[in-house]
Amino acid sequence: MILKQYQQQALDHLENFFKLCKTTGSSAQAFQNTTAEWFGSPLSYRALHTLSHVPYICLRIPTGGGKTLIGGMAIERVNRSLLFVQHSVTLWLVPSEPIREQTLRALKDPTNLLHNSVFSSLSDVTVLDIDEALRVQPAILNGSNVIIVVTMQAFKQADTDRLNVYKQSGALMPHFENVQSPEIKGNHSFVDVLRMRHPFIIVDEAHNQ
């Protein structure tokens, strides 16, 4: 697939950031080096407040510029240059139910450009909604690139005890069979499964979160 020049540049510099995170051991240094090369001068890095060790970057794409396509294409880049894995878990967070449905349709429809681009670059892909993810088994996560599309609201609420992703789930128990650490096991919830998998997280319209 032929990307537009700015889309290709965004993905190339994103991958460069991933590579520099590994070689420098510093997300801040990687960001400064990447922005210096891209814009001619380094920009200051703003780490996540409670997860400063996690590489974090925001791509600003104009309206109608294919940000969803860039997000999908970024998965192969992060697998190759940051996670060094064949199969990964991507948590794709969207701001609303209509966007969730739209993104899921695009990823699952064999005639859609997003579907074709992601599946051709990753080969083995499984696309899940949150209900399917709450029952997902280890074999699925081990054998394919899993993309879970879900609204922010599924994770983001003052009282997390009310959210299914934080609740203990018998369906997810196989994920913890060989895990000894109580801290990793947590309460055997979907969030605990995600924590073990070190997911790539895409936040759609992150500037509003």
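The values are calculated or read from the model by the stated rules, or taken from the named source; none is laboratory data. Please read all numbers here as calculations on a predicted model, not as lab measurements. Because the Cβ atoms are built from the backbone with ideal geometry, glycine has one as well, and the counts that use them run over all protein chains shown. All accessible areas refer to the heavy atoms of the entire protein, side chains included, with ligands and DNA or RNA removed. Shrake-Rupley method; radii C 1.70, N 1.55, O 1.52, S 1.80 Å.
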Just a yes or no: is a residue in the stretch 5-24 open to solvent by 70 Å² or more (accessible area, probe 1.4 Å), out of contact with any Lys or Arg (no Cβ under 9 Å at 6 or more places or on another chain) and not in a helix (DSSP H, G or I)? no
Working only within the stretch 167-184, note down all residues that are of a type outside the set (Gly, Ala, Ser), under 22 Å from Ala154 (Cα atoms) and in a loop (DSSP other than H, G, I, E, B). Lys167
Within the stretch 87-94, identify whether any single residue is among the aromatic types (Phe, Trp, Tyr), surrounded by 14 or more Cβ atoms within 10 Å (Cβ to Cβ) and closer than 21 Å to His188 by Cα, and answer yes or no. no
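Do the conditions hold for Asp192, that is, is it surrounded by 14 or more Cβ atoms within 10 Å (Cβ to Cβ) and over 30 Å from His13 (Cα atoms)?
Numbers: surrounded by 14 or more Cβ atoms within 10 Å (Cβ to Cβ): yes; over 30 Å from His13 (Cα atoms): yes.
So Asp192 passes the test.
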Taking first residues from the stretch 76-105 that are closer than 15 Å to Thr126 by Cβ and second residues anywhere that are acidic (Asp, Glu) and exposed (fewer than 14 other Cβ atoms within 10 Å of the Cβ), the pairs with Cβ under 9 Å that are 6 or more apart or on different chains are Gln86/Asp124; His87/Asp124
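Considering only the stretch 75-98, I want to know if a residue exists there that is more than 16 Å from the chain's Cα centre (by Cα) and not small (Gly, Ala, Ser).
We begin by selecting, within the stretch 75-98, every residue more than 16 Å from the chain's Cα centre (by Cα); these are 96-98.
Next, from what is left, pick out any that are not small (Gly, Ala, Ser): 97-98.
Scanning the stretch 75-98, I find at least one residue that is more than 16 Å from the chain's Cα centre (by Cα) and not small (Gly, Ala, Ser), so the answer is yes.
Rundown of residues vs (1) in a helix (DSSP H, G or I); (2) touching a Cys at 6+ places or on another chain (Cβ under 7 Å); (3) under 20 Å from Glu15 (Cβ atoms), yes/no style:
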{"residue": "Trp38", "(1), (2), (3)": "yes, no, yes"}
{"residue": "Ser44", "(1), (2), (3)": "no, no, no"}
{"residue": "Leu59", "(1), (2), (3)": "no, no, yes"}
{"residue": "Asn79", "(1), (2), (3)": "yes, no, yes"}
{"residue": "Ala106", "(1), (2), (3)": "yes, no, no"}
{"residue": "Pro110", "(1), (2), (3)": "no, no, no"}
{"residue": "Thr126", "(1), (2), (3)": "no, no, no"}
In the stretch 163-183, anything open to solvent by less than 30 Å² (accessible area, probe 1.4 Å) and in contact (Cβ under 8 Å) with a residue 12 or more places away in the chain is listed as Val165, Ser169, Leu172, His175, Phe176, Val179
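Only one residue in Arg100, Arg60, Arg46 is among the basic types (Lys, Arg) and at pLDDT 95 or above, so which one is that?
Arg100
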Check Gly186 against each of (1) exposed (fewer than 14 other Cβ atoms within 10 Å of the Cβ); (2) over 24 Å from Leu82 (Cβ atoms); (3) out of contact with any Ser or Thr (no Cβ under 8 Å at 6 or more places or on another chain) and name the one condition it does not meet. (1)
Consider only pairs whose beta carbons are under 7 Å apart and that are at least six residues apart or on different chains; among these, list those whose first residue lies in the stretch 1-23 and is over 15 Å from Arg60 (Cβ atoms) and whose second residue is open to solvent by less than 10 Å² (accessible area, probe 1.4 Å) and polar (S, T, N, Q). Met1/Ser117; Glu15/Ser81; Asn16/Thr34; Phe18/Ser81; Lys19/Ser81; Leu20/Thr34
Filter the stretch 117-162 for residues that are hydrophobic (A, V, I, L, M, F, W, C) and surrounded by fewer than 16 Cβ atoms within 10 Å (Cβ to Cβ); which is farthest from the chain's Cα centre (by Cα)? Ala158
